[in-house]
1. Exactly one of these conditions fails for A:Pro60: (1) of a type outside the set (Gly, Ala, Ser); (2) at the interface with chain B (Cβ under 9 Å from one of its Cβ atoms); (3) open to solvent by less than 10 Å² (accessible area, probe 1.4 Å). Give me its number.
2. Filter region A:235-254 for residues that are modelled with pLDDT under 85 and more than 14 Å from chain B (Cβ to nearest Cβ); which is surrounded by the fewest Cβ atoms within 10 Å (Cβ to Cβ)?
3. Could you grab me the full set of residues in region B:46-61 that are open to solvent by 10 Å² or more (accessible area, probe 1.4 Å), within 21 Å of B:Asn140 (Cβ to Cβ) and in a loop (DSSP other than H, G, I, E, B)?
4. Quick check on this structure: which one of B:Leu123, B:Leu129, B:Leu109 is hydrophobic (A, V, I, L, M, F, W, C), open to solvent by 20 Å² or more (accessible area, probe 1.4 Å) and more than 25 Å from B:Phe20 (Cα to Cα)?
5. If you scan region B:84-103, which residues turn out to be open to solvent by 10 Å² or more (accessible area, probe 1.4 Å) and touching a helix residue (DSSP H, G or I) at 6+ places or on another chain (Cβ under 8 Å)?
6. From the list B:Thr79, B:Thr50, B:Thr67, which residue is within 14 Å of chain A (Cβ to nearest Cβ), within 16 Å of ligand 5 (Cβ to nearest atom) and out of contact with any Cys (no Cβ under 6 Å at 6 or more places or on another chain)?
7. Only one residue in A:Ile125, A:Ile79, A:Ile134, A:Ile111 is more than 16 Å from ligand 2 (Cβ to nearest atom), away from every other protein chain (no Cβ under 12 Å) and in contact with an Asp or Glu (Cβ under 7 Å, 6 or more places away or on another chain), so which one is that?
8. Would you check if A:Ser71 is closer than 21 Å to B:Ser248 by Cα and modelled with pLDDT under 95?
Amino acid sequence: MNKKIKINKSVETGLKELLISLLESRKIKAVFTLERNKDAVYYSLITDLEKVDQASPFLPFMPANGGKLLSKLTDIKSISEPIAAVIHPCELAAFIELIKKQQGSLDNLLIISSVCPGVMPINNISETNLDEKIKKYFESAKNSNIPTGLRENCEICSRIIPTNADIIINLMDKDIDNSFELYINSEKAEKFLGDENGEILDSDFDFANNTFPQNIKDIISQKEKNRIAVNEKYKFDQLGMDGLIDLFGKCIGCHSCGGVCPICYCELCDFDSAEHEYKKNVLKSDLNSRAGVRLPPNTILYQLGRLNHISTSCVGCGMCTDVCPVDIPVGMIFSSIGNSVQELFKYIPGENLEEANPITVYKKEELTNFED
Amino acid sequence: MDGVILKAQNNDFNKGIKSFLLSGLKNGVFDSFILSMQVPAKDSYAWILTYDEGLVKSSTPISPIMTVQGARALKSLRTGTPTQKIAVVMRPCEMRAVIELSKLNQINLNDLILISYDCPGTLPIKNYLEDPEKGEEVFNKILLDWDDKNIRETCKLCDKVSVQEEKTFQSDLHITTLGIEQNNFAIISNSEKGIEILNELKLEIKNLSSRDEPVKKIIETRRKNRENSRKELIPQLIGLDALSEFFSKCINCKVCRSVCPICYCRQCYFSSEKVKYSMEDYLLQASTRGNMKFLPSLLFQVGRMTHMSLSCVNCGACEDACPMDIKVGQAFSYVGDNVQKLFDYLPGRSFEEPLPLSVYREEEFKEIEN
Ligand code: SF4
Ligand code: SF4
Ligand code: SF4
Ligand code: SF4
Ligand code: SF4
């Protein structure tokens with residue numbers, strides 16, 4: 001039977017108190033979560049109890065993909081003492097994809113995540129009526145509606161359940177202001193939580209195995225519909241070369257989309273390397289065959305290359321759209337194409353740490369075939 | 001100043017410039033061009049390298065937005081130019097960045113003919129993208145009346161918009177519209193190469209003193225704008241607390257660096273292994289302060305300043321691209337101005353003026369060797 005802890009507090013207060021008690025009892029050494037300071041929002045590693053109290057773990061913003069940060073932080077060496085991290089499902093999924101690529105480790109990390117209502121575009125943080133908006137956001141979530149004003153990517157994201165988190169909190173629960181439930185989703189979590197944190201109950205739901213409340217099922221199917229609608233409208237996954245050229249016509253080749261993408265982890269992107277520099281003789285022959293060459297060249301090539309490198313792992317977080325200076329819906333394009341590639345391979349990024357990324361499997365098979 | 005006067009029917013300067021370029025093609029002074037051109041979807045502009053008459057005709061040498069800073073486009077010719085007389089039409093701030101990059105061995109100027117123009121400023125990319133058609137309309141008006149209401153904040157503060165006696169930027173030829181009679185524009189030589197070209201084209205050189213007043217006036221307005229805006233800006237930048245506050249919204253996406261023409265390092269120090277720390281390192285810091293924000297942004301910003309402020313041409317590309325609307329261009333330009341004053345250096349002022357730091361470095365080496 002799955003377990004849960006019922007806490008008779010509002011979800012934010014309750015979670016913070018739990019984190020503080022874990023810190024006080026030295027079960028964890030620090031908390032990795034969002035902080036907000038006026039119109040600044042950022043991830044922070046907190047050891048101070050008071051500062052945990054001021055943190056904003058459920059603030060609907062993603063200043064950086066937390067999976068990318070955790071990967072950078074655990075890549076050099078894994079953590080030696082437990083740290084709790086509160087992140088969104090797509091951040092966890094990205095982190096797991098990165099770990100598969102030997103870019104980090106889950107050791108000693110207690111991952112807390114929520115059934116995710118989505119996040120807002122990062123530049124909304126400066127809006128004057130932000131607090132009002134955030135209030136409305138939680139109202140919608142509580143009533144099992146998809147909040148308005150989300151990142152486009154969140155509107156079509158149906159992977160809102162953090163199946164691999166140690167602890168799952170359901171934010172789409174109407175009692176959330178008075179009480180909430182913490183679902184214990186791993187053996188690791190059991191070691192951290194006990195009676196002292198609240199009453200331990202049996203749970204009807206098993207998030208990791210696809211049994212969860214009906215209202216969440218409804219939201220997921222609504223979002224799947226949204227995705228299909230977007231796909232029918234833009235046909236991102238059937239664009240072909242001409243369509244891509246049109247869509248990325250505005251692209252200024254700044255590579256910022258790759259820079260913030262959790263899946264693009266290469267320190268020096270292949271497309272920024274010397275090998276990809278436009279060589280004089282190539283330029284000459286291009287110019288002869290086409291009469292006109294765009295400078296800098298290869299903006300489309302970069303996008304194709306990035307699609308090729310990451311589409312099986314794209315978690316649809318929308319970071320890339322948020323930073324694109326020329327407002328290309330990069331995240332929608334990548335997520336739509338990514339989704340159809342993932343369907344093809346029956347692969348869901350971040351779902352299972354043991355399952356190898358199809359691209360690597362595929363490559364190996366190709367090689368063995370070659371050897372035969 | 002002297003120069004040649006050319007026709008621009010209906011004050012269509014773009015058309016006039018294109019005829020001039022094509023006549024140069026015919027006369028063999030140019031053999032190809034790098035020009036700004038609308039993308040097929042007509043919602044943005046891109047740089048195009050071409051020798052094709054048709055493409056030149058459909059280009060827009062003076063365009064309403066700065067998408068890729070021109071010097072960044074020229075950098076892609078690092079391994080060599082395909083032809084020998086490429087005419088490049090770009091804004092003064094883009095020229096200045098080109099000159100800086102040539103000093104850093106990132107652009108070879110031998111085969112390029114740099115043509116700058118009187119630049120009234122550009123529209124913020126985001127505003128333009130909202131309604132490109134309206135953007136075109138707004139900008140065409142600005143080209144005639146130089147009203148600065150709708151241009152980027154950084155452009156409002158830019159005083160290096162035209163050539164005058166006191167040299168502020170280098171190019172080979174400069175196209176000027178300020179103070180020139182209706183339906184005309186003029187071309188001034190701004191280098192030895194430029195003089196040769198005008199001679200070769202056998203165009204009549206006339207006195208252009210009618211420009212002096214209007215050019216002076218616009219420069220004065222821009223300088224006043226800058227003075228006024230700095231009064232507000234400076235207190236926001238002085239001191240570590242102020243600076244952290246200034247960059248508080250920064251999400252460290254490094255878009256500002258990616259679009260900067262001067263930051264040319266393939267592998268930026270601030271994205272390298274050297275600034276990568278483990279959770280343990282952070283934990284150590286967090287336990288002494290209570291928390292450790294993942295905002296390496298200040299280190300990045302200040303670091304980037306020390307790397308490039310001497311060459312910052314305040315083109316505003318960074319500010320235009322910043323997703324968090326931080327006045328990063330104005331901050332860099334302020335710091336840049338100060339550093340540049342210190343070294344009595346103006347980036348992009350001339351081909352010859354060496355980068356102070358390279359002189360400094362060489363002298364330092366000499367001392368060591370002695
Ligand atoms: S992409 Fe999905 S998981 Fe990520 S923040 Fe948006 S809704 Fe949540
Ligand atoms: S491509 Fe965009 S949406 Fe996909 S994982 Fe990367 S940043 Fe997120
Ligand atoms: S962020 Fe936008 S402009 Fe920059 S490379 Fe990506 S798609 Fe192109
Ligand atoms: S900063 Fe603005 S006004 Fe100055 S040259 Fe550049 S685009 Fe023109
Ligand atoms: S200043 Fe703006 S563009 Fe630069 S890193 Fe910060 S948020 Fe990104």
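1. Result: A:Pro60 passes all but (2).
2. A:Gly240
3. B:Ser58, B:Thr60
4. Selected residue: B:Leu129, the only one of B:Leu123, B:Leu129, B:Leu109 that is hydrophobic (A, V, I, L, M, F, W, C), open to solvent by 20 Å² or more (accessible area, probe 1.4 Å) and more than 25 Å from B:Phe20 (Cα to Cα).
5. B:Lys103
6. Being within 14 Å of chain A (Cβ to nearest Cβ), within 16 Å of ligand 5 (Cβ to nearest atom) and out of contact with any Cys (no Cβ under 6 Å at 6 or more places or on another chain) holds for just one of B:Thr79, B:Thr50, B:Thr67, which is B:Thr67.
7. Numbers: A:Ile125 fails: away from every other protein chain (no Cβ under 12 Å); A:Ile79 fails: away from every other protein chain (no Cβ under 12 Å); A:Ile134 fails: in contact with an Asp or Glu (Cβ under 7 Å, 6 or more places away or on another chain).
After ruling out the rest, the residue left standing is A:Ile111.
8. On the way: closer than 21 Å to B:Ser248 by Cα: no; modelled with pLDDT under 95: yes.
When the stated conditions are applied, A:Ser71 does not pass them.
The values are calculated or read from the model by the stated rules, or taken from the named source; none is laboratory data. Nothing here was measured: the structure is a model prediction, and the numbers come from that model. Please note: Cβ atoms are built from the backbone with ideal geometry, for glycine as well, and neighbour counts cover all protein chains shown. Remember, those area values only see protein heavy atoms, side chains included, never the ligands or the DNA or RNA. Shrake-Rupley method; radii C 1.70, N 1.55, O 1.52, S 1.80 Å.
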